[in-house]
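What follows is a set of notes on a single structure, which appears directly below.
The values are calculated or read from the model by the stated rules, or taken from the named source; none is laboratory data. Worth saying up front: this structure is predicted, and the values here are computed from it rather than measured. FYI the Cβ positions are ideal-geometry reconstructions off the backbone, even for glycines, and counts take in every protein chain you see. Only protein heavy atoms, including side chains, enter the accessible area calculation; ligands, DNA and RNA are left aside. Shrake-Rupley method; radii C 1.70, N 1.55, O 1.52, S 1.80 Å.
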Amino acid sequence: MLIYTQDSGNYSLKLEKTVDKTFMKYKGGYNIRLSNPPTGNVLALPTPEQLFLTRHIADIYFDELMVSPDEKVDQGQALARCNKGPLNMHAPMAGTVKYITDNQIILGQLNSNTAPTKVTPGSTQDTIFSSGCFIHINEVYSGKIPAKDSIPQAIFVRIANLDNYVMASEIELMGSLQEFCSGLKLLADISKDTILHVVVTKKQAVLAKKIKNDTADISNIELVTIPPRYGLDNTRLIADRWGYRADQHIWSISPQGIFALARAVNQGEKTTYTYMSVSGPAVNRPQYYKVPLGYPIADLLKASEVKDCPVRVINGGVMSGIELAADQTGVTGDIAGLTVLENNSARKLLKFARFGLDDRRFEDFFTTDMQGEVRACVSCGYCQSVCPAGLLPDYLHKLLYCNDLDRAQSAGLNKCVHCGLCSFICVSKIELTEQFIKGQAQLKAEQHKSSEGQA
Amino acid sequence: MKFIHDIFDSLRPAFADNRKLSKLKPLFDATENFFFSAGLTTSTGPHVRHSMDIKRFMSMVIVALIPCVLAGFYLFGWRIIPIIITSYLVGGLVEVLVACLRKEEINEGFLVTGLLFPLTLPPDTPLWIVAIGVAFGVFFGKEIFGGTGRNLFNPAITGRCFVALAYPTHMSGWIEPGSSVFGRIFDFWPFSMLWGATAPEAVTSATPLLAVKTGQQPEWLDLFIGNSTGCIGETSTLAIIIGAVILLAFKIANWRAMLATLVSFFALAAIMHYFQPQRFASAWFHLLAGGIMFGAVFMVTDPVTGPATNIGKYIYGTLIGVITILIRNLGGYAEGMMFAILLGNTAAPLIDYMVIKVYNRQFIQEGRT
Ligand code: SF4
Ligand code: SF4
């Protein structure tokens with residue numbers, strides 16, 4: 001089902017569509033058509049002028065510099081280090097260090113045709129951390145990069161990635177299924193007690209079957225099927241459903257991470273590039289790219305022909321993504337896609353009285369418009385019908401509104417996974433998700449205080 | 001379009017703080033936002049929002065009510081129009097006054113209340129009763145709780161209940177629907193009649209629910225299309241069903257409470273009829289006559305005054321359905337929908353409380369395992 005050919009650096013691929021990125025489906029029976037989802041081939045881009053390498057990734061900060069400005073570096077050479085691990089940050093291409101700031105290391109005079117430095121062979125676990133592959137892995141419950149010597153109880157492989165506009169995992173798998181499965185086997189080797197859950201949607205059954213066949217001899221690989229609804233693909237929800245607890249080491253890894261691992265172990269390659277999409281209503285050429293880490297976002301946007309209007313660039317999908325400053329920023333390992341939206345606040349005449357069913361025509365409204373004014377909750381129940389965690393967002397909102405953290409906690413505040421669906425759907429335009437994120441932080445702070453008090 | 005924008009731009013300074021008209025700022029804002037969407041952008045994730053906002057949500061209810069209004073117009077003639085206008089004017093006035101006093105936005109909720117309320121009145125209701133009722137309903141049913149979204153009782157039903165209890169003699173102005181193909185569309189009454197004089201066609205105490213208690217059985221088809229005496233919006237089951245389809249198709253109303261009300265009502269009516277067919281009318285009759293359909297479709301589904309939880313909605317609907325048929329069959333009143341809904345409103349927070357208690361227990365247990 002995954003047929004690909006490689007010619008002159010560009011991958012052209014034919015694939016059976018298993019995740020339809022033209023529709024956004026979520027719980028509650030919504031099925032919204034999207035304009036400009038990423039399509040077509042995976043493009044490799046020309047070598048840029050500069051690479052912007054971020055020194056922050058998840059919870060780590062590469063504080064210890066190993067190079068100085070104007071120093072020449074090889075591809076794969078360590079540039080900086082953090083004391084967690086210790087873990088290294090590698091140069092994705094050979095070049096010269098131009099500037100070093102608190103947040104970034106900027107490389108210039110790049111040369112993509114040099115021999116890379118290889119990974120020193122070691123156990124799979126060591127390779128994950130020495131090759132730089134760890135940027136694709138995080139702990140499900142804490143969101144942190146796992147500690148180097150921690151043995152995970154379970155690993156979730158996120159093939160199903162249903163946030164709209166971000167990359168369809170088939171594109172990642174296009175590398176080759178064989179390579180993917182060899183990566184899976186390596187991962188399964190970390191410990192015989194670690195269970196590998198491969199998360200696929202029901203529609204990806206053919207793919208799932210192939211993976212199952214290829215890994216039939218490994219006993220600790222298990223397939224998990226989820227309905228193709230955004231929100232239900234959240235790893236924390238799946239982990240909860242499988243009975244894991246917040247104090248366990250549960251990893252989540254993207255297909256990219258599996259490939260990176262396979263390449264690191266089999267070919268000694270360091271993790272220097274990533275696959276991502278640039279799409280959204282405000283680009284003329286939605287596209288998949290293969291880019292080195294640190295690739296300037298501005299160049300990517302130019303290549304995708306962003307429309308001539310004020311835009312908002314979002315790291316991730318429109319639901320759970322985070323706004324990104326496009327200038328002077330580079331691609332990081334945790335970007336699966338950039339979504340570009342028109343940053344629109346035009347006032348429309350008699351907007352509420354338009355004709356038609358909204359869900360099908362929603363592409364017309366897909367901008368950063370708030371779509372209405374804030375009002376008191378009318379208990380319409382929309383938010384309940386969409387919440388993938390099965391919470392009662394309107395009830396939580398009322399509790400948090402009167403600062404009743406204890407009752408909010410017992411009503412499941414901590415189970416919110418910030419998917420954003422409740423805020424998206426709210427007719428009263430209440431910032432529910434934001435309120436829950438703040439509430440969770442407050443709860444954590446309070447627990448922290450009380451545990452300190454006991455000690 | 002541009003010129004409307006310009007009008008607002010030129011008027012805006014007059015409503016600024018410390019100007020004479022600053023007290024009327026909410027009115028200005030509401031009018032402006034009625035014509036032009038607010039034009040705000042999202043500041044935090046999610047970066048897009050669904051295009052259904054509270055204005056559209058409320059407008060949909062009004063759209064769903066249009067078949068009932070048309071049916072009422074056809075059956076009872078033009079005199080329902082002044083009733084609706086009075087209701088909107090007085091209801092809107094109360095809403096605007098309170099919003100200006102409170103310095104809050106004007107809520108869109110009264111647009112629905114202003115139309116729901118007149119539809120629950122007998123067609124020959126004097127206008128001053130309409131005014132008193134809607135003012136009472138909006139003020140005591142909604143504003144004293146803090147406005148739309150915070151009210152405990154359905155404002156339209158609160159007003160209806162008040163006038164029904166306070167002025168019972170003025171609340172029985174039933175009119176026989178017109179017998180020609182044109183209904184009463186071309187009928188004319190003198191204007192003086194709007195203020196209290198009884199319409200020549202007015203019949204007293206002869207709604208189907210009362211008639212059936214004295215042994216008369218109306219035609220099924222008449223009941224279905226609304227060719228019977230009754231409140232303006234309630235008689236035509238057909239129009240109400242069209243409204244229900246609109247509400248459900250646009251996901252405005254939750255089907256759970258609606259279904260629970262009708263099913264429980266119908267089931268209990270059928271059981272009672274089965275055991276004492278002489279004493280109690282059949283379930284089909286009860287379903288088509290009186291306010292049960294209108295109430296179940298437009299009142300029980302009011303999200304604000306019902307329970308917020310889905311399980312709660314089933315309980316709520318069942319409660320209302322059961323109480324309605326009990327009042328109808330065993331109580332002194334011919335119609336029980338109004339009291340049943342008010343009782344349901346009162347019980348809604350309690351129902352929610354219990355459902356959430358059970359629900360929370362689930363979360364806590366999950367947390368332990
Ligand atoms: S409460 Fe809102 S943000 Fe949290 S999981 Fe539910 S829908 Fe998503
Ligand atoms: S969607 Fe918004 S208005 Fe509706 S119940 Fe939820 S919080 Fe309240």
Checklist outcome for this item: Note on residue B:303: of the conditions (1) modelled with pLDDT of 90 or more; (2) of a type outside the set (Val, Ile, Thr); (3) within 20 Å of the chain's Cα centre (by Cα), unmet is (1)
Next on the checklist: On the basis of being under 30 Å from residue B:79 (Cα atoms) and in a helix (DSSP H, G or I), does residue B:267 make the cut?
Outcome noted: no
Checklist entry - Residues B:304, B:322: which one is closer than 19 Å to residue B:116 by Cβ and not polar (S, T, N, Q)? => result B:304
Checklist entry - Which numbered condition trips up residue B:73, out of (1) over 30 Å from residue B:152 (Cβ atoms); (2) modelled with pLDDT under 75? => result (2)
Item to check | First in segment B:245-265 and under 14 Å from residue B:294 (Cα atoms), second anywhere and outside any helix (DSSP H, G or I), Cβ under 6 Å, 6 or more apart | outcome: B:247/B:253; B:253/B:301; B:257/B:300; B:257/B:301; B:257/B:306; B:258/B:301; B:261/B:300
Checklist entry - Which residue out of B:4, B:83, B:54 is facing chain A (nearest Cβ under 9 Å) and surrounded by 23 or more Cβ atoms within 10 Å (Cβ to Cβ)? => result B:54
Next on the checklist: I'd like to check something: does segment A:187-209 contain any residue that is outside any strand (DSSP E or B), open to solvent by 10 Å² or more (accessible area, probe 1.4 Å) and touching a Gly at 6+ places or on another chain (Cβ under 8 Å)?
Outcome noted: no
Item to check | All positions within segment A:212-268 that are within 14 Å of chain B (Cβ to nearest Cβ) and touching an Asp or Glu at 6+ places or on another chain (Cβ under 7 Å) | outcome: A:230
Item to check | Any chance residue B:25 is more than 10 Å from chain A (Cβ to nearest Cβ), in contact (Cβ under 8 Å) with a residue 24 or more places away in the chain and open to solvent by 20 Å² or more (accessible area, probe 1.4 Å) | outcome: yes
Item to check | Members of segment A:34-55 that are under 30 Å from residue A:144 (Cα atoms) and at pLDDT 85 or above | outcome: A:50, A:51, A:52, A:53, A:54, A:55
Checklist entry - Taking segment A:314-327, which residues are facing another protein chain (nearest Cβ under 10 Å) and either at negative phi or open to solvent by 60 Å² or more (accessible area, probe 1.4 Å) (or both)? => result A:314, A:317, A:318, A:319, A:320, A:321, A:322, A:323
Next on the checklist: Quick check on my filter: what residues within segment A:298-320 are over 12 Å from residue A:342 (Cα atoms) and without any contact (Cβ under 8 Å) to a residue 60 or more places away in the chain?
Outcome noted: A:298, A:301, A:302, A:304, A:305, A:315
Item to check | segment A:56-69 - residue that is in a loop (DSSP other than H, G, I, E, B) and at pLDDT below 85 and, of those, surrounded by the fewest Cβ atoms within 10 Å (Cβ to Cβ) | outcome: A:59
Checklist entry - Name the pairs whose Cβ atoms lie under 6 Å apart, with the first residue in segment B:114-134 and crowded, with 22+ Cβ neighbours inside 10 Å, the second basic (Lys, Arg), and 6 or more positions between them or separate chains? => result B:120/B:160
Checklist entry - Among (1) touching a Cys at 6+ places or on another chain (Cβ under 8 Å); (2) open to solvent by 40 Å² or more (accessible area, probe 1.4 Å), which single condition is residue A:36 missing? => result (1)
Item to check | Residue pairs meeting the criteria (Cβ under 7 Å; at least 6 apart or on separate chains; first in a loop (DSSP other than H, G, I, E, B), in segment B:286-307; second within 16 Å of ligand 1 (Cβ to nearest atom) and not hydrophobic (A, V, I, L, M, F, W, C)) | outcome: B:303/A:379; B:303/A:381; B:304/A:379
Checklist outcome for this item: Filtering segment A:222-245 down to residues that are open to solvent by 20 Å² or more (accessible area, probe 1.4 Å) and more than 16 Å from ligand 1 (Cβ to nearest atom) yields A:222, A:223, A:225, A:228, A:242, A:243, A:244, A:245
Item to check | Of residues in segment B:86-113 being within 17 Å of the chain's Cα centre (by Cα) and within 14 Å of chain A (Cβ to nearest Cβ), the one most open to solvent (accessible area, probe 1.4 Å) | outcome: B:111
Next on the checklist: For the structure I just gave you, tell me whether residue A:374 is more than 10 Å from ligand 1 (Cβ to nearest atom) and more than 7 Å from chain B (Cβ to nearest Cβ).
Outcome noted: yes
Checklist outcome for this item: Residue pairs qualifying under the 7 Å Cβ cut-off, at least six apart or on distinct chains, with the first in segment A:409-437 being more than 9 Å from chain B (Cβ to nearest Cβ) and more than 8 Å from ligand 1 (Cβ to nearest atom) and the second being open to solvent by 10 Å² or more (accessible area, probe 1.4 Å) and assigned to a helix (DSSP H, G or I), are A:413/A:440; A:430/A:397; A:435/A:397; A:435/A:400
Checklist entry - What pairs come up if the first residue lies in segment A:371-382 and is in contact (Cβ under 8 Å) with a residue 12 or more places away in the chain, the second is away from ligand 1 (no atom under 16 Å from the Cβ) and β-branched (Val, Ile, Thr), and their beta carbons are under 6 Å apart, counting only those six or more places apart or on different chains? => result A:375/B:54; A:378/B:304; A:379/B:304
Checklist entry - If we scan segment A:298-306, do we find a residue that is part of a loop (DSSP other than H, G, I, E, B) and outside the structural domain of residue A:88 (by TED's automatic domain parsing)? => result yes
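Is it the case that residue B:152 is within 14 Å of another protein chain (Cβ to nearest Cβ), in a helix (DSSP H, G or I) and at pLDDT below 90?
Details: within 14 Å of another protein chain (Cβ to nearest Cβ): yes; in a helix (DSSP H, G or I): no; at pLDDT below 90: yes.
Criteria not met by residue B:152.
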